[in-house]
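Q: Before we start, here is the structure in question, set down as structure tokens.
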Amino acid sequence: MGAEVRLSVLDSDHRKLYAKMVPFGGWEMPLSYPSGTLAEHRACRTTAVVFDVSHLGTLQVVGADAFIRLQKTLTNDLSKIGPGQTQYTHLLEDDGSVMDDIIVWWVAEQSFEVIPNASNTKRVSAVVGGIDVTATRALLAVQGPQARQQLASVCPGAAAVKRNCVTTVRWEEVELMVAGTGYTGEDGVEIAVPQEAASRLWDALLASGIVPAGLGARDTLRLEAGFPLHGHELGPAITPLQAGLGWVVSWNKPTFKGREALFAEKDRGVARRLRGLIVEGRRPPRQGQQVMRHKQVIGEVTSGNFSPTLETGIALAFMSPNVQVGDAVALNMRGTEVPAQVAKLPFV
């Protein structure tokens with residue numbers, strides 16, 4: 001028997017909207033709704049959408065030693081922020097590769113919410129501790145240039161939470177935890193809502209004109225924004241330095257998991273580096289395709305798709321460290337070499 005597939009508390013709400021459901025990180029989640037991924041993507045770039053991201057984990061790390069425990073383990077420096085703020089960080093393996101990329105919500109003096117990727121929650125918990133409260137809440141991401149304006153008609157307090165900040169607000173006698181975070185490259189917030197109120201909040205957001213969007217659009221949006229996805233641009237044998245995320249590492253911290261291995265790589269230089277590619281034509285590049293230059297393989301695509309905004313193929317790929325922005329390369333797409341150019345990130 002395989003592992004049990006988890007369902008969002010909003011599963012029936014998605015099915016009522018005729019969402020196409022797919023397995024993702026041990027969960028079954030909406031890939032798209034009848035309007036389709038392209039329309040959902042464009043709605044996020046022009047108005048506002050809501051994603052159900054309840055598959056993301058939530059670990060509550062609390063107590064007098066909570067700060068020290070996280071500070072000694074994670075790569076980024078929590079002392080750069082304070083209660084009421086959020087931080088993007090990494091948890092490394094001992095070999096310096098990325099076990100997970102994480103958002104930390106510093107909720108109160110001795111209270112943190114650590115948000116790992118769906119499939120990594122247990123592994124992260126084994127290192128940082130905390131209580132897994134994933135099953136007690138739904139997580140909704142309201143994103144887009146009009147996200148705050150439209151959210152204000154539903155919950156003014158949630159709409160007012162500034163970028164990279166986190167606070168609790170009340171909505172219809174329910175306590176929501178709201179953070180100014182997201183994964184689309186657009187403005188917006190992520191809202192943790194108790195399970196019993198999730199369906200009501202979802203309905204209220206849709207009634208305000210916010211468009212439901214699925215994982216398909218979330219992926220094309222994050223790709224245009226140049227954001228890494230665990231299992232593609234981050235994971236086993238991939239370090240923050242290779243992924244171009246050295247800024248997530250606080251090099252002057254005396255301790256964090258994987259520090260020695262990462263320092264060794266920093267000293268010798270990376271063997272490969274993550275770059276963006278803009279590909280000629282509308283054919284979507286795909287993970288695993290080879291990057292070519294002068295008939296030599298110089299890299300491999302980790303994520304690729306058609307960019308609805310640029311209306312061309314785009315990709316992220318690990319390549320030789322001597323490859324520079326502006327260089328002409330090609331992608332081996334099923335035996336055909338398709339011209340591409342190394343691009344500055346983000347694409348959009």
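The values are calculated or read from the model by the stated rules, or taken from the named source; none is laboratory data. In this text the structure is predicted, and so the values were computed from the model without any measurement. Every residue, glycine as well, gets a Cβ built from its backbone with ideal geometry; the counts of neighbours run over all protein chains shown. Quick note on the areas: whole protein, heavy atoms, side chains included, nothing else; ligands and nucleic acids left out. Shrake-Rupley method; radii C 1.70, N 1.55, O 1.52, S 1.80 Å.
Q: Working only within region 147-172, note down all residues that are over 14 Å from Ala192 (Cα atoms), crowded, with 19+ Cβ neighbours inside 10 Å and not aliphatic (A, V, I, L, M).
A: Result: Arg148, Gln150.
Q: Looking for something among the aliphatic types (A, V, I, L, M) and closer than 19 Å to Ser12 by Cα - is there at least one such residue anywhere in region 179-191? Give the steps one after another, and end with the answer.
A: To start, the set of residues in region 179-191 that are among the aliphatic types (A, V, I, L, M) comprises 179, 189, 191.
Keeping just the survivors that are closer than 19 Å to Ser12 by Cα gives none.
Within region 179-191 (the criterion being among the aliphatic types (A, V, I, L, M) and closer than 19 Å to Ser12 by Cα), the answer is no, since none of the residues qualifies.
Q: From the residues in region 13-30 that are touching a residue at least 24 places away in the same chain (Cβ under 8 Å) and under 27 Å from Ala152 (Cα atoms), which one is surrounded by the most Cβ atoms within 10 Å (Cβ to Cβ)?
A: Here the residue is Pro30.
Q: Right, another one. Out of the residues in region 328-348 that are open to solvent by 40 Å² or more (accessible area, probe 1.4 Å), of a type outside the set (A, V, I, L, M) and within 28 Å of the chain's Cα centre (by Cα), which is farthest from Leu221 (Cα to Cα)?
A: Asn332
Q: Still on this structure, please answer the following. Return only the number of the condition from (1) under 19 Å from Ser54 (Cα atoms); (2) part of a helix (DSSP H, G or I); (3) touching a residue at least 40 places away in the same chain (Cβ under 8 Å); (4) not hydrophobic (A, V, I, L, M, F, W, C) that Glu265 does not satisfy.
A: Of everything listed in (1) under 19 Å from Ser54 (Cα atoms); (2) part of a helix (DSSP H, G or I); (3) touching a residue at least 40 places away in the same chain (Cβ under 8 Å); (4) not hydrophobic (A, V, I, L, M, F, W, C), Glu265 misses just condition (1).
Q: When you check Glu311 against the structure, is it free of Cβ contacts under 8 Å to residues at least 40 places away in the same chain, open to solvent by 30 Å² or more (accessible area, probe 1.4 Å) and of a type outside the set (Gly, Ala, Ser), yes or no?
A: Yes, satisfied.
Rundown of residues vs (1) under 24 Å from Val53 (Cα atoms); (2) small (Gly, Ala, Ser); (3) open to solvent by less than 20 Å² (accessible area, probe 1.4 Å), yes/no style:
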| residue | (1), (2), (3) |
| --- | --- |
| Ala66 | no, yes, yes |
| Gln71 | no, no, no |
| Leu74 | yes, no, yes |
| Leu92 | yes, no, yes |
| Asp95 | no, no, no |
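Q: Here is a further query. Only one residue in Phe318, Phe306, Phe263 is touching a Leu at 6+ places or on another chain (Cβ under 6 Å) and open to solvent by 10 Å² or more (accessible area, probe 1.4 Å), so which one is that?
A: Phe318
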